[in-house]
Amino acid sequence: MEKLTDKQKLFCETYVSNNFNGAQAAIAAGYSKNSSRSMGSQLLTKLNVQKYIEKLKEKTAKQLNITRESQVQELNELKEMAKELAEVNNAIKAIEVQNKMLGLNEPETVNINQYTATVKFSDR
């Protein structure tokens, strides 16, 4: 795998710390403001950049003691609070976030012998 340049490392670190804004991370890393959007997109397609970003995200989650399970539990608690307060929109938002976190909005692929079928969540 290709080694990251210092500029690419700075892009990744800024990307993770600035709420995943590729254009702003590119500018902070020293890339041209005029090409920051395309440069950010380009960098995010590189496997070595993706792996370093994942490593940084995992490190941050570990430092903050955040796990998928703890986040789902917290969302469950917030959803229940929203229901008790009759805040339907907030309860729905918590459900939407949980579904996204757990991949429940993604199409499901089923392999049957040599055939592959994709089933959308709304089809189930």
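The values are calculated or read from the model by the stated rules, or taken from the named source; none is laboratory data. These numbers were taken from a predicted model, which means no experiment stands behind them. Every residue, glycine among them, receives a Cβ derived from its backbone with ideal geometry; neighbour counts consider all protein chains shown. Surface areas here come from the heavy atoms of the whole protein model, side chains and all, with no ligands, DNA or RNA. Shrake-Rupley method; radii C 1.70, N 1.55, O 1.52, S 1.80 Å.
Filter segment 83-124 down to residues that are more than 26 Å from Thr67 (Cβ to Cβ) and of a type in the set (Gly, Ala, Ser) and give me whichever is modelled with the lowest pLDDT.
Going through the qualifying residues, I end up with Ser122.
Residues that are over 30 Å from Thr5 (Cα atoms): find the helices (runs of 4 or more DSSP H) completely inside segment 31-105 holding 1 or more of those.
Details: elements: 36-45, 47-63, 68-84, 88-102.
It comes to 68-84, 88-102.
Tally the residues that are without any contact (Cβ under 8 Å) to a residue 24 or more places away in the chain and open to solvent by 30 Å² or more (accessible area, probe 1.4 Å), restricting the search to segment 1-16. First the steps, then the outcome.
To start, the set of residues in segment 1-16 that are without any contact (Cβ under 8 Å) to a residue 24 or more places away in the chain comprises 5-6, 10, 14.
With open to solvent by 30 Å² or more (accessible area, probe 1.4 Å) added as a condition, the list becomes 5-6, 10.
Final tally of qualifying residues: 3.
When you scan segment 17-30, how many residues do you find that are surrounded by 14 or more Cβ atoms within 10 Å (Cβ to Cβ), among the small types (Gly, Ala, Ser) and in a helix (DSSP H, G or I)?
Residues that pass the stated criteria total 5.
Select, from Lys79, Lys62, the only residue that is at pLDDT below 95 and open to solvent by 100 Å² or more (accessible area, probe 1.4 Å).
Working: Lys79 fails: open to solvent by 100 Å² or more (accessible area, probe 1.4 Å).
After ruling out the rest, the residue left standing is Lys62.
Name the pairs: first residue in segment 38-64 and without any contact (Cβ under 8 Å) to a residue 60 or more places away in the chain, second residue open to solvent by 50 Å² or more (accessible area, probe 1.4 Å), Cβ to Cβ under 6 Å, at least 6 apart or on different chains?
Asn48/Met1; Asn48/Glu2
Given (1) surrounded by 13 or more Cβ atoms within 10 Å (Cβ to Cβ); (2) over 15 Å from Val16 (Cα atoms), identify the lone condition not met by Asn34.
For Asn34, the exception is condition (1).
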